[in-house]
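S.K.: First the structure, then my questions, so here it is.
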Amino acid sequence: MPEESLDERPAPLPTVSPSSSGPVRGLRVRGARAAWPAAGIVIGAGAVAPAWSLSGSAGGQAFTLVGQVQVAGEPGASGSCVGDHEYCDVDKGAPVTVFDSAGRVIATGSLGSGAYDTFARCEFPVAVRGVPGGSASYSVRISLHLKTEITNEVARTGGLVVKLGLK
């Protein structure tokens, strides 16, 4: 018989010696004890799959939600800006939360730097990556302000415009 190196030898199989104290708990592979964990996995998967399906996160490709937040500014203002008064929390880094049509949080991001537009509105860019597709509609919340509802199409095409303090 040719000599084998240690790497080529098969690993020895573990052995369990009988004990006079009775069966060892947890080692029984056949029977009801082994069936319970498998049944739990099957039941759990059966309960979670419909929830994923209803949330819309199981279908559709993830996308980046793109748009802008507009806050009332000062007439004639230009350059960089931040929200003021009741919108003083609207600034670069303010949280952006995306909800699906069932009201569950599905993605988060933050605002970019604000700058005045030609109408003296303070505008902040929004780009939230990894928004799950498949929801009929979405809601977007900037910081702790009210949610803005948008359609799936608006969410996917960069049409998000959240107006704070503007009509």
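None of the figures in this text is laboratory data; all of them are computed from the coordinates on show. Keep in mind that this is a model prediction, so the values were computed, not measured.
S.K.: Which log10 I(q)/I(0) values does the range 76-129 give at q = 0.13, 0.18, 0.19 Å⁻¹ under the Debye formula, counting every alpha carbon as one identical point scatterer?
M.R.: For the range 76-129 at q = 0.13, 0.18, 0.19 Å⁻¹, log10 I(q)/I(0) is -0.38, -0.64, -0.69.
S.K.: Spelling out what I want: for every residue of the range 80-94, take phi, set θ = phi - 60°, compute 6.51 cos²θ - 1.76 cosθ + 1.60 (Karplus), and round to whole Hz; glycine and proline get x.
M.R.: Ordered by residue, 3J(HN,Hα) equals 6, 8, 9, x, 9, 6, 5, 10, 5, 7, 8, 7, 3, x, 4 Hz.
S.K.: For residue 63, list long-range residues whose amide hydrogen, built 1.01 Å from N in the peptide plane, is under 5 Å from its own amide hydrogen.
M.R.: 130, 131, 133
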